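Peer 1: Quick one: the structure is below, and I'll ask about it shortly.
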Amino acid sequence: MAASDKLGKRVRTYREKLGLSEEELATNSGLGLHLIKDIEDGKTYPPISAIIKISRALGQRVGTFMDDQFIGDPLIVKADKREEETSSHRGAGGHYHYYPLGKGKTDRHMEPLYIKIEADKNEELSSHEGEEFIIVISGDIKLIYGKQTFKLGPGDSVYYNSLVPHHLGCVSGPAEIFAVIYVPV
């Protein structure tokens with residue numbers, strides 16, 4: 001079963017347990033009805049910001065929709081064993097590729113990720129509750145944060161409140177980052 005199918009099934013299950021319609025989930029999460037339908041049908045794997053909004057609207061932690069199994073402490077992910085969990089940031093052809101680093105740690109409060117970013121001209125801003133901490137590993141990153149724009153290179157880091165509308169993308173070519181996302185429950 002593909003990651004998008006697993007995620008969609010979990011979203012539908014939790015939505016139905018709460019007695020919510022797809023329309024109500026869309027309204028409560030601030031996401032479009034078409035996106036909710038595509039997620040539940042397994043047609044798209046949404047960006048992490050959408051997963052956060054859905055998890056908040058359903059009263060669940062983000063990992064509820066990303067985990068398959070329990071792994072005890074300490075959770076170690078070897079660099080050569082990272083697995084891409086999502087097809088991309090915006091479905092097929094998107095520019096973010098996520099590699100979860102906390103998958104299986106069921107009691108976690110943060111979402112650590114290794115992310116490969118490809119060039120994309122779309123600079124759509126997103127926002128969600130919580131905080132993000134980013135470390136650039138390779139390439140050059142452009143962060144739009146509110147009305148400010150910052151350029152970050154390898155070794156640079158940024159920590160910000162993710163309620164402020166933001167966008168993170170690469171400047172010209174591929175880039176790699178480590179990101180830790182915290183969303184209060």
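Read-outs throughout are calculated quantities, based only on the coordinates presented, and are distinct from any laboratory measurement. Because the structure is predicted, anything quoted here is derived from the model rather than measured. Note: ideal-geometry Cβ built from the backbone for every residue, glycine included; neighbour counts use all protein chains shown.
Peer 1: Under a cut-off of 13 Å between alpha-carbon atoms, report the aspartates and glutamates in cross-link reach of Lys121, not counting same-chain residues fewer than 8 places apart.
Peer 2: Those aspartates and glutamates meeting the cut-off do not exist here.
Peer 1: How large is Rg/Rh for region 3-65, to two decimals, with Cα atoms and a Kirkwood Rh?
Peer 2: 0.89
Peer 1: Provide, in order from the shortest bin, the percent of all Cα-Cα pairs of region 79-182 in each 5 Å bin, continuing until the bin that contains the maximum pair distance.
Peer 2: For region 79-182, the binned pair fractions read 3, 12, 22, 27, 23, 10, 3, 0 percent.
Peer 1: Same structure, new question: Students often forget the sequence filter, so: which lysines lie under 27 Å Cα-Cα from Lys81 once same-chain residues fewer than 8 apart are removed?
Peer 2: Filter leaves Lys6, Lys9, Lys43, Lys103, Lys105, Lys116.
Peer 1: Fewest first, what order do Ser127, Ser55 take by the number of other Cβ atoms within 10 Å?
Peer 2: Ser127, Ser55
Peer 1: Could you work out [θ]222 nm for the chain from helices alone, using -39500 (n - 2.57) per DSSP H run of at least four and dividing by all its residues? Round to the nearest 500 deg cm²/dmol.
Peer 2: -6500 deg cm²/dmol
Peer 1: Looking at the calculated P(r) for the chain, what percent of the C-alpha pair distances fall above 19 Å?
Peer 2: The answer is 58 percent, as a whole percent.
Peer 1: Which value, in debye to the nearest 20, gives the size of the charge dipole of the chain about its Cα centre, when Lys and Arg are +1 and Asp and Glu are -1 at the Cβ?
Peer 2: Rounded to the nearest 20 debye, it is 120 debye.
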